[in-house]
Amino acid sequence: MVADFAAEIAADHVVVIETAGMVVGYLIGWSETDAYFIDNIAIKPMRQGEGLGRKLIDHAIQEARRLGLPAVRLYTNVAMNENLSMYAHLGFSQTHQAWEKRFHRLDLRLNVV
């Protein structure tokens, strides 16, 4: 994954979860015309399973509501089975699939209204 974190921070697209002065998770997201879009979300492997990812998703939901947007949108790799089950558990549903630069992408949406 290639991300320009400095540019994302400058654009105010980054939310972090910090514990004892260390970043243990982050979300990169922004508002679009029809949804709050999550571009990237990650939790340190040793901290996974503690509900931190859910807190970041909840933040995205609150941002969508605050901005009057009807949904949260993201995409993931179809091969990432653990992501698919986690997002389904959180209420996301599939909108469509696409191939993008050798990446089999699954687009997901969570309605928040």
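Go over the candidates 32, 50, 100, 82 one by one and state the one that is closer than 20 Å to residue 11 by Cβ and among the acidic types (Asp, Glu).
Matching residue, one of 32, 50, 100, 82: 32.
Condition test on residue 86, is it among the aliphatic types (A, V, I, L, M) and either within 15 Å of residue 18 (Cα to Cα) or touching a strand residue (DSSP E or B) at 6+ places or on another chain (Cβ under 7 Å) (or both)?
So residue 86 does not fit the description; no.
Just the residues that are open to solvent by 20 Å² or more (accessible area, probe 1.4 Å) and under 21 Å from residue 106 (Cα atoms), please, taken from region 62-75.
Within region 62-75, 70, 73, 75 qualify.
Looking only at strands (runs of 3 or more DSSP E) that fall completely inside region 48-113, which ones have 1 or more residues that are in contact (Cβ under 8 Å) with a residue 24 or more places away in the chain?
71-77, 103-111
What number of residues in region 16-40 are out of contact with any strand residue (DSSP E or B) (no Cβ under 8 Å at 6 or more places or on another chain) and within 21 Å of residue 110 (Cα to Cα)?
Within region 16-40, residues that are out of contact with any strand residue (DSSP E or B) (no Cβ under 8 Å at 6 or more places or on another chain) and within 21 Å of residue 110 (Cα to Cα) number 1.
Working carefully through the options 78, 112, find the one that is over 18 Å from residue 17 (Cβ atoms) and in contact with a Pro (Cβ under 7 Å, 6 or more places away or on another chain).
112
Restricting to region 89-106, count the residues that are of a type outside the set (Lys, Arg), open to solvent by less than 60 Å² (accessible area, probe 1.4 Å) and over 20 Å from residue 26 (Cα atoms).
Result for region 89-106: 5.
For residue 78, indicate whether it is open to solvent by 60 Å² or more (accessible area, probe 1.4 Å) and touching a Lys or Arg at 6+ places or on another chain (Cβ under 9 Å).
No, not satisfied.
With at pLDDT below 95 and touching a strand residue (DSSP E or B) at 6+ places or on another chain (Cβ under 6 Å) as the only criterion, which of 104, 59, 13 stands out?
Of the residues listed, the single one that is at pLDDT below 95 and touching a strand residue (DSSP E or B) at 6+ places or on another chain (Cβ under 6 Å) is 13.
The values are calculated or read from the model by the stated rules, or taken from the named source; none is laboratory data. Only a predicted model underlies this, so the values are computations on that prediction, with no experimental measurement involved. Reconstructed Cβ throughout: ideal geometry from the backbone, glycine too, with neighbour counts over all protein chains shown. Surface areas here come from the heavy atoms of the whole protein model, side chains and all, with no ligands, DNA or RNA. Shrake-Rupley method; radii C 1.70, N 1.55, O 1.52, S 1.80 Å.
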